[in-house]
Amino acid sequence: MTAAVESRLGPFPLAAGVTARLIGIRCGFALAAAGYASMGLVDDPLGGGMIAAAVFAGLGEASAVVCAGVFIGQEAPREGRGVIFGTYGLSGSLGMICLTSLGGLLYDRIGPTAPFLMMGAVNALVVAALLSVKPRAPR
């Protein structure tokens, strides 16, 4: 099952190994950060620049989510895996609720590009946090 998932990880197909999966997660979030930030810098929301930025943001988010799920599935202890996946899902849901609300406030107070720049910054912070994660030795 894991091999099937790893073979379909969007733009970042990963070889076996914790380090490769961790690099895939970092690359996914970095691509999402660049995509969102560029969406905030595009002048014409219906132009080709916005479409390209949206594609990068979408590919990055999809890759990061799938890679993170595979990484958790491989690294979490078997006896606690359900709790860890549940916490991961809950954290993601809370982040969506909070950042959607904050994005709406930023849109109203700053302008229509502010939510995209915020999401670029949030994804960049995730990449910075992921740089501190060290892969464990194989079990």
Exercise. Just a yes or no: is a residue in segment 89-104 in contact with a helix residue (DSSP H, G or I) (Cβ under 6 Å, 6 or more places away or on another chain) and modelled with pLDDT of 90 or more?
Worked result: yes
For this session: State all residues of segment 92-135 that are loosely packed, with under 10 Cβ neighbours inside 10 Å and either among the polar types (S, T, N, Q) or not in a helix (DSSP H, G or I) (or both); if no residue qualifies, say none.
Result: Ser132, Lys134
Exercise. For the subset of segment 1-52 comprising residues that are hydrophobic (A, V, I, L, M, F, W, C) and outside any helix (DSSP H, G or I), which member is modelled with the lowest pLDDT?
Worked result: Met1
For this session: Kindly provide the set of residues from segment 42-57 that are of a type in the set (Val, Ile, Thr) and surrounded by 15 or more Cβ atoms within 10 Å (Cβ to Cβ), ordered by number.
Result: Val42
For this session: Count, please, the residues in segment 58-69 that happen to be modelled with pLDDT of 85 or more and closer than 14 Å to Val127 by Cα.
Result: 0
For this session: Would you be able to say whether some residue in segment 58-78 is assigned to a helix (DSSP H, G or I) and surrounded by fewer than 12 Cβ atoms within 10 Å (Cβ to Cβ)?
Result: yes
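The values are calculated or read from the model by the stated rules, or taken from the named source; none is laboratory data. All of these numbers come straight from a predicted model, not from anything done at the bench. Cβ sites come from the backbone with ideal geometry, for glycine too, and all protein chains shown count toward neighbours.
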